[in-house]
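The structure appears right after this line, and notes come after that.
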Amino acid sequence: MTQDLALYVMRGCGYCEDVRAAARALGITLEERDVRASPEHMAALLAARGRRTVPVLRIGEDHWMPESQDIIAYLYARFGEGAAPPAPRPWWERAASIVRGARGE
Ligand SMILES: N[C@@H](CCC(=O)N[C@@H](CS)C(=O)NCC(=O)O)C(=O)O
């Protein structure tokens with residue numbers, strides 16, 4: 001587990017899955033905090049960011065990084081040993097995953 005990092009997520013979130021895939025590719029394990037499953041995690045996210053959008057990477061105590069592509073770039077810069085982050089998925093794959101998430105699949 002990467003000690004100073006926590007990833008705020010929700011079930012069925014394709015952008016969260018992109019970050020998970022990057023973490024897997026880098027061989028790191030992120031503590032995940034599901035904001036739908038935990039009122040405490042949702043409250044912490046809302047207090048810090050003023051919005052419920054995930055994924056958000058909490059770095060240490062004070063830094064909250066939104067946007068899946070920024071999070072992936074950060075993880076690659078820190079753990080990638082020079083590897084370049086993967087290209088973002090095309091829009092139609094993102095759209096399909098949003099539909100799957102809305103259906104709860
Ligand atoms: N551009 C953002 C999009 C994130 C996003 O749309 N997340 C959705 C779930 S997949 C969400 O949190 N929706 C609820 C909300 O914004 O209140 C990213 O790439 O991280």
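Quick note: the coordinates plus some simple rules give every number you see, no bench work behind them. Just so you know, these numbers come straight off a predicted model, no measurement behind them. Backbone-built Cβ (ideal geometry, glycine too); neighbour counts: all protein chains shown.
Structure above, values below:
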{"read-out": "Long-range amide H partners of TRP64 with built H, under 5 Å", "value": "ILE59"}
{"read-out": "Low-density loop positions, trypsin sites (Lys or Arg not before Pro), the range 1-100 - DSSP coil, at most 12 other Cβ in 10 Å", "value": "ARG11, ARG51"}
{"read-out": "Max mean-square fluctuation residue, GNM over the chain, Cα-Cα springs under 10 Å, options PRO86, PRO55, PRO66", "value": "PRO86"}
{"read-out": "Sequence-distant residues sharing a close amide H with VAL9 (under 5 Å, placed H)", "value": "ARG33, ASP34, VAL35"}
{"read-out": "Amide N proximity, the range 15-56 versus ARG78 label position 7 Å along Cα-to-Cβ, cut-off under 11 Å", "value": "29-31"}
{"read-out": "Mean residue ellipticity (222 nm) of the chain, computed from DSSP H runs ≥ 4 via -39,500 (n - 2.57), nearest 500", "value": "-14500 deg cm²/dmol"}
{"read-out": "Neighbour-count ranking [beta-carbon atoms within 10 angstrom, fewest first] of HIS63, HIS41", "value": "HIS63, HIS41"}
{"read-out": "Linear extension gain, ALA87 paired with ALA102, 0.36 nm per residue minus alpha-carbon span", "value": "3.0 nm"}
{"read-out": "Qualifying GluC sites (Glu not before Pro) in the range 40-69, DSSP loop, other Cβ atoms within 10 Å at most 10", "value": "GLU61"}
